[in-house]
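Some notes on the structure that comes next.
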Amino acid sequence: MRSRATRTENITPDHTLVGVVHIPSGGVGPVQAIGKRVIGALLALLATVIIVYVDRAGYQDNADGDVTLLDSIYYATVSLSTTGYGDITPVSDSARLVNILIITPLRVLFLIVLVGTTLEVLTERSRQALKIQRWRSKVRDHVVVIGYGTKGRSAIRSLLGDDVDPASLVVVDSDQAMLDAAAALGLVTVHGSGTRSDVLRVAGVQRAKAIVVAANRDDTAVLITLTARELAPKATIVAAVREAENVHLLRQSGADSVVVSSETAGRLLGMATTTPAVVEIFEDLLTTDEGLAMGERFVEPEEVGGSPRHLADIVLGVVRRGVLHRIDAPQADALEPGDRLIYVRKVTPPDGAPD
């Protein structure tokens, strides 16, 4: 029997989500696409004007008999648009042959450009709805970031720095300016409040691998965490709070990990007054662009049974069956199969230049 979440996730019709969900596209923008079509139409018009003017002796103007450059432009315009007033007509055999073999195909091309542009505008909404439907049917094991403020942007930068595919990241926010900034990075965005279950269903939290709660208020973070945990019982939920006294509320709401942003920043500020070099090391470890960074990897077969202190990597802790043991703990004296190492790794700059 299908679960309640599975039954309700498709209640919202895809066509109503156009403007709510934005799927990044690798194609050209609408302005560029229309510009190319306009250029194509002008080239077809120009070619027709040149053909008629070169062979103007084969045409007759019912008004004064002579066909000037202006008459050629006029004839090309009314001919390609299929208006056809009949005041300028091809009378020689050569002019009629050119009309059949060249101008008629140009007329068809001109109409295709105009009709194609009109159809593209009319079908854009349907195409967007189809893209949303395709995305909703395929999205699995993705990361949903709720809130794209300072904390949310930093979380996205960290994920992208760890080589996470941008297509597997979804940003939820009620501020369209924030969503536009996220979309510029190639991220899927959902417009709406993260406290609403219908918005989170649209973001696919019920099939997400991890959920990052980066709200600006602690009470909002608690409500988002409660809603997300109800929809995604197995997902990893990471939440940020401003005050340490609210940590237990986030954990009771279902957060697997809680980061206290104000206390962390306060500690770094205090340390910077006495040991600024230590703070620089912390900042280096927290950034993934270059220098040093924190990493996690599985223990290699040849490392099983040995001590993590003797490895080439600087190991800070061992994760065994979901429990973190610091490097000085007795449980971390000997490595076991399936252990994961928390270690310091060196990050090479993108251009390969030395640090």
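The values are calculated or read from the model by the stated rules, or taken from the named source; none is laboratory data. Here the structure is a predicted model, which means the values were calculated and not measured. Ideal geometry is used to build each Cβ from the backbone, glycine not excepted, and the neighbour counts take in all protein chains shown.
Within the range 116-134, work out how many residues are at pLDDT 70 or above and either among the aliphatic types (A, V, I, L, M) or in contact with a strand residue (DSSP E or B) (Cβ under 7 Å, 6 or more places away or on another chain) (or both).
Selection size over the range 116-134: 4.
Every residue in the range 181-232 that is closer than 20 Å to VAL164 by Cβ and charged (D, E, K, R), please.
Passing the criteria: ARG207, LYS209.
Residues checked against (1) farther than 24 Å from THR264 by Cβ; (2) at pLDDT 90 or above; (3) of a type in the set (Lys, Arg):
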residue: GLU296; (1), (2), (3): no, no, no
residue: ARG309; (1), (2), (3): yes, no, yes
residue: ALA312; (1), (2), (3): yes, no, no
residue: VAL344; (1), (2), (3): no, no, no
residue: VAL347; (1), (2), (3): no, no, no
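Out of (1) surrounded by fewer than 17 Cβ atoms within 10 Å (Cβ to Cβ); (2) over 16 Å from the mean Cα position of the chain (by Cα); (3) among the polar types (S, T, N, Q); (4) in a helix (DSSP H, G or I), the odd one out for SER158 is which?
Result: SER158 fails condition (2) only.
Are any of the residues in the range 19-38 surrounded by fewer than 16 Cβ atoms within 10 Å (Cβ to Cβ), modelled with pLDDT of 65 or more and more than 30 Å from LEU187 (Cβ to Cβ)?
Looking for residues that are surrounded by fewer than 16 Cβ atoms within 10 Å (Cβ to Cβ), modelled with pLDDT of 65 or more and more than 30 Å from LEU187 (Cβ to Cβ), one finds at least one in the range 19-38, hence yes.
Enumerate the pairs (first residue in the range 193-215 and under 17 Å from VAL258 (Cα atoms) and in contact (Cβ under 8 Å) with a residue 12 or more places away in the chain; second residue anywhere and of a type in the set (Lys, Arg) and not in a strand (DSSP E or B)) with beta-carbon separation below 7 Å, excluding pairs fewer than 6 apart on the same chain, so at least 6 apart or on different chains.
Note: pairs meeting the criteria are ALA214/LYS151.
How many residues, within the range 220-249, are among the acidic types (Asp, Glu) and free of Cβ contacts under 8 Å to residues at least 12 places away in the same chain?
Here the count works out to 1.
Looking only at the range 84-104, decide whether some residue is at pLDDT 75 or above and out of contact with any strand residue (DSSP E or B) (no Cβ under 8 Å at 6 or more places or on another chain).
Yes, the range 84-104 contains a residue that is at pLDDT 75 or above and out of contact with any strand residue (DSSP E or B) (no Cβ under 8 Å at 6 or more places or on another chain).
I'm trying to understand the selection: among the residues of the range 307-321, which are part of a loop (DSSP other than H, G, I, E, B) and over 11 Å from ASP339 (Cβ atoms)?
Within the range 307-321, SER307, LEU311, ALA312, ASP313 qualify.
Can you tell me which residue in the range 139-155 is farthest from the chain's Cα centre (by Cα), limited to those that are among the β-branched types (Val, Ile, Thr) and within 13 Å of ARG217 (Cα to Cα)?
My answer is THR150.
Go through ARG251, ARG242 for me and flag whichever is of a type in the set (Lys, Arg), more than 25 Å from GLN133 (Cβ to Cβ) and at pLDDT below 90.
Just a single option satisfies the conditions, and that option is ARG242.
Any residue in the range 313-332 that is basic (Lys, Arg) and in contact with a helix residue (DSSP H, G or I) (Cβ under 9 Å, 6 or more places away or on another chain)?
Within the range 313-332, one or more residues are basic (Lys, Arg) and in contact with a helix residue (DSSP H, G or I) (Cβ under 9 Å, 6 or more places away or on another chain).
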